[in-house]
Amino acid sequence: MNKTRILWADDEIVMLKPHIIFLEEKGFEVIAVNSGSEALELVMEQNFDIIFLDEQMPGLSGIEVLEKIKEIQPNIPVVMITKSEEESIMEEAIGSNIADYLIKPVKPSQILLSLKRNLENKKLTSEKASQIYQQEFRGISMKLQERLSVDEWVDVYKKLVRWDIELEKSDDEGISEVLKMQMSEANTGFAKFYERNYADWLYGKTEDKPVLSHTLIKKKVFPLLDEGNKVFMLVIDNLRYDQWKIIEPMIGEYFRVDKDEMYYSILPTTTQYARNGLFAGMMPLEIRKLIPGCGKMNTKRELKISLKLN
C-alpha cells in the first residue's frame, strides 16, 4: 500500500523535525520545504495527499501560496498553521477553502488528528454507514414481508433512498449490491401494493388513501390559501426523491424546509397524465370528457405502467 504523502512548508522546518519523525514512524511520507515557492514547485511536479502550510513565511505568505495551490490542485486538502489568532487572518484562510486551521505551537497529536480528520474521515464514514445499514437491513426486510400501509411504504422508501445516498460514498461493492437487491424487492412489493389498492384509492372504498396527483392541490395547496397564506408552487417534472435529498441542503441555505412529504402518482405515470391531473384536479378520462381530444395517447403506451421506487 502506498504511503500517505505529506508536503510541509514552514520557514522554521528544522524546528519541526520531531513532528516529522513522529509522522514517519506512523507510516506517513513527509516532504519538508522551507518556503512557499519551494512548495509550489513540488505541487506542480508531484502528487501529495495533504499539505501543511505555515501562514507566516518570508516571500510568499501562506495565504498567497494557498491561493496558487488551489489553482494547480483545487481538491488537495491544505491545513493552515499560524502563530496568529487574529480573526481577520482566520477568516481569510477559511474563505480560501482550507481543510483545517491549527495554532502554533502544534503538538504531534494535533497533527495526527488533523490527518485523520481530513484523510480518513471519508473511509471511516463509509465503514460506519455500511455497518449501520447491515444492522438495519434485517428490519427493512422484515417490514417488506408485512402488509404495509400507505405511510409505511413512504417510510420504507425514505429509508432506502437515504441508504442509497449514504452508500454511494462506500467502496464496499458487496453492501451496495445487497442494497440494490433490497430495493428491487421493495419495488416488486410496492408494485403489487399499488395494483391491489389503486381502484379503492380512486373510488373511495378505503380510509388508507394517499394523496394522489389529482388531489394534491386540493389537499395541500388550497388549505394554505384558505388560511390566507401567500403560496408559491414550483413543479419540477421527473425529479426523483433521491435527487431532491441531494439538492435539499442547497435549498436550505435560502429557505427552511418545514415538511418533507410525498404523494402518489396516478397511473399511467406518464408526465402528460400526471401533470395534467395535478393542475386540473381531475383524472385523465374526466379531462378528456371535458375537453374532447385532450390527452390522447397510443393505447400500447398507456399500458406501460411504471411502478418503480427509484
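A short reminder: the numbers here are calculations on the coordinates, not readings from a lab. Keep in mind that this is a model prediction, so the values were computed, not measured. Heads up, the Cβs are rebuilt from the backbone with ideal geometry, glycines too, and the neighbour counts pull from every protein chain shown.
Could you compute the FRET efficiency for Lys220 and Glu67, with r as their C-beta to C-beta distance and R0 at 45 Å, rounded to 0.05?
0.40
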Cα principal axis extents for segment 213-302, largest first, Å: 45, 32, 16
Separation of the Ile76 and Gln145 label points, Cα + 7 Å toward Cβ, nm: 5.4 nm
Treating the beta-carbon of each Lys and Arg as +1 and of each Asp and Glu as -1, no other charges, what is the dipole magnitude of the chain about its Cα centre, to the nearest 20 debye? 2360 debye
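Provide Phe193, Phe279, Phe255 in ascending order of the number of other Cβ atoms located within 10 Å of each residue's Cβ, fewest first. Write out the running numbers ahead of the final one.
On the way: Phe193 17, Phe279 14, Phe255 8.
Arranged by neighbour count, lowest to highest, Phe193, Phe279, Phe255 become Phe255, Phe279, Phe193.
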Assertion target for Asp260, Asp237, ordered by fewest C-beta neighbours within 10 angstrom first, is Asp237, Asp260
In nanometres, what is the gap between the two model label sites at Ile31 and Tyr101, each 7 Å from Cα along Cα-to-Cβ? 2.8 nm
From the alpha carbon gyration tensor of the chain, can you work out the equivalent ellipsoid semi-axes (sqrt of 5 times each eigenvalue) and give them in Å, largest to smallest? 56, 24, 17
In segment 213-302, taking the dipole from +1 charges on Lys and Arg beta carbons and -1 charges on Asp and Glu beta carbons about the Cα centre, the listed residue (Leu234, Phe279, Pro292) farthest towards the positive end is Pro292
How large is the Kirkwood hydrodynamic radius of segment 123-203, counting all unique pairs of alpha carbons, in Å? 13.6 Å
Looking only at the chain, where both bridge partners belong to it, what percent of the DSSP beta bridges are antiparallel (to the nearest 5)? 0 percent
Using unit Cβ charges (K, R positive; D, E negative) and no other charged atoms, how large, in debye to the nearest 20, is the dipole of segment 5-106 about its Cα centre? 280 debye
Just want the answer: with Cβ charges of +1 for Lys and Arg and -1 for Asp and Glu, which residue in Ile251, Asn34, Trp8 is farthest toward the dipole's positive end in the chain? Ile251
Under Karplus coefficients 6.51, -1.76 and 1.60, residue-wise ³J(HN,Hα) of segment 41-47 in Hz, glycine/proline x: 4, 5, 4, 6, 9, 10, 9
